[in-house]
Amino acid sequence: MDKTMDKDYVLKSVEERGTRFIRFWFTDVLGFLKSFAVTDSELEGAFEEGMGFDGSSIDGFTRIEESDMVAYPDPGTFQLLPWRSSEDHMGGTGRMFCDVLNPDGTPFEGDPRYALKRVLKKAADMGYTMYVGPELEFFYFADSCGTEMLDQGGYFDLTPLDVASNLRRETVLNLEKLGIPVEYSHHEVAPSQHEIDLRYADALTMADNVMTYRLTVKEVAYASGVYATFMPKPVQGVNGSGMHVHQSLFNEEGNAFFDANDPEGYNLSPVGKSYIAGLLKYAPEFCAVTNQFVNSYKRLVPGYEAPVYVTWARRNRSAMVRVPMYKPGKEVATRVELRSPDPSANPYLAFAVMLGAGLKGIEEGLELMPEATNNIFHMTEEELAESGIRTLPKDLGEAIALFEESELMKEVLGEHIHSFFVANKKAEWAEYVAYVTPWEQGKYLSIL
């Protein structure tokens, strides 16, 4: 979010460029991007009074009898869409993210952006600002009807194996045109799997950036006649796609997670340790948000780098939370990396529940469990039990049961989002449980 852009700047920019259409973006509870367009002549009125729309058809918004919603554009998020500007001779098409309000001007409880803002305000009241830097992985396939790979490349492979390097390059260029700085871009472990890492930003800006990133990846792929997917586990037998989220809290003194005098030698402050302990304690309860689909739990299985066990470590990448090693002079980079989320999550809700869990850990003064220094995947059930190591939910049914009973999740997300999310996910799980899969037919039909 560009704090220097106000509505007058946007109005002047639209006029000078001859931009005729501005798309208003917002997100439903499940994290799907929604949009409608206004013309340049409507824009000034939209800044003053918002633009009304029917919220009854948006997942998690309102019932038909209370469907009126108002979208107020955030001028700090104004950008021209590069994939529209190149083909549009009318000054391009702009976009702004919106806050969704009730007709009486109060914030709408079902708006995921508002849910995140509410938790960020709690952090601010405690003296903290949250910064995040997510790493989103995705696959390129020939089309959306199957999983035909574009390459057989592997981690950091370059051409000729990595035939999608031009797609990644074009995506990075588009993101930079949208004001979203990129840190890394490379081929991932699985064939046709890729990763573009965004430079860290405050949590609200980053949630907006993640929504923009996912659309940009798909738009660039579509323009090249291929399909990009953020499905967590599209192909059996290879690594799934994760969204590792690096996160830290800053206060007036700087990075609140850093402590050069940490007696345990981790360079972690008591705040940092309690924040991690909060993530560990509440991860099973917020897993339904960070891993929200049936398919998400096909990724969270041993053997494919995705974490299953609720542990933390510095070097151990099988742990759910990793603390990157401190480098002298890089105090600002002290952070924690949550490795369990996947890129299908709603970023507003995902960042909200992570922050909510971490702040709860700080409030409760939670003690950090011992570091997991061995490979947890090789431990027996007895060894795990002796170490007090829990597992993440094994499927969406288990995850939603924990989420439904969680008082913290009700507090963080609010009753509106929490209750809709539970109902929606229970319906998804019931549909999946009743479905007779091809695996079952192949396994049992000929012998039973």
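Readers should treat all values here as calculations from the given coordinates under stated rules, not as data from a laboratory. Treat the numbers as computed from the prediction; the structure is a model and nothing was measured. So basically every Cβ, Gly included, is an ideal-geometry build from the backbone, and we count neighbours across all protein chains shown.
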Rounded to the nearest 0.05, what FRET efficiency do Ala401 and Val301 have when you use their Cβ-Cβ distance and R0 = 30 Å?
-> 0.95
Taking the Cα-to-Cβ direction at Glu49 and at Asp68 and moving 7 Å from each Cα, how far apart do the two end points lie in nm?
-> 1.2
Simple Cβ-charge dipole of the chain, Lys/Arg +1 and Asp/Glu -1, about Cα centre, in debye nearest 20 = 860
So what's the back-of-envelope 222 nm ellipticity for the chain, counting only DSSP H runs of four-plus at -39500 (n - 2.57) apiece and dividing by all residues, rounded to 500?
-> -12000 deg cm²/dmol
What percent do you get for the relative contact order of the chain when only Cα pairs under 8 Å and 6+ apart count?
-> 14
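Too long at a 20 Å Cα-Cα cut-off: which of Lys394/Lys425; Lys117/Lys298; Lys360/Lys410; Lys233/Lys394?
Details: Lys394/Lys425 15 Å; Lys117/Lys298 31 Å; Lys360/Lys410 13 Å; Lys233/Lys394 14 Å.
Pairs exceeding the cut-off: Lys117/Lys298.
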If R0 = 51 Å, then Phe32 and His378, at their Cβ-Cβ distance, give a FRET efficiency to the nearest 0.05 of 0.85
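As a test of understanding, state the convex hull volume per residue of the stretch 322-448 from its alpha carbons, in Å³.
Details: hull volume 25.1 nm³, N = 127.
Each residue corresponds to 198 Å³ of Cα convex hull volume.
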Cα-based Rg and Dmax for the chain, in Å, come out at 22.3, 72
For the stretch 238-290, state what percent of all Cα-Cα pairs lands in each successive 5 Å bin, counting from 0 Å until the bin that includes the largest distance.
-> 4, 16, 20, 21, 16, 12, 8, 3, 1
What is the list of residues in the stretch 11-31 whose amide nitrogen lies under 16 Å from a point 7 angstrom out from the Cα of Tyr222, following Cα to Cβ?
-> 23-26
Can you tell which of Glu337, Glu381, Glu285 shows the greatest fluctuation in a Gaussian network model of the chain with Cα springs below 10 Å?
-> Glu381
Comparing Cys145, Cys98, Cys287, which has the greatest mean-square fluctuation in the GNM of the chain with Cα pairs linked when under 10 Å apart?
-> Cys145
Pick from Leu384, Leu81, Leu43: which residue has the top mean-square fluctuation in a GNM of the chain where Cα pairs under 10 Å get a spring?
-> Leu384
What number, in nm² with one decimal, is the all-direction average of the projected area of the convex hull of the alpha-carbon atoms of the stretch 94-234?
-> 10.6
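Would you please give the FRET efficiency between Glu371 and Val436, computed as 1/(1 + (r/R0)^6) with r the Cβ-Cβ distance and R0 = 45 Å, to the nearest 0.05?
Details: r = 45 Å, r/R0 = 0.99.
Efficiency for this residue pair is about 0.50.
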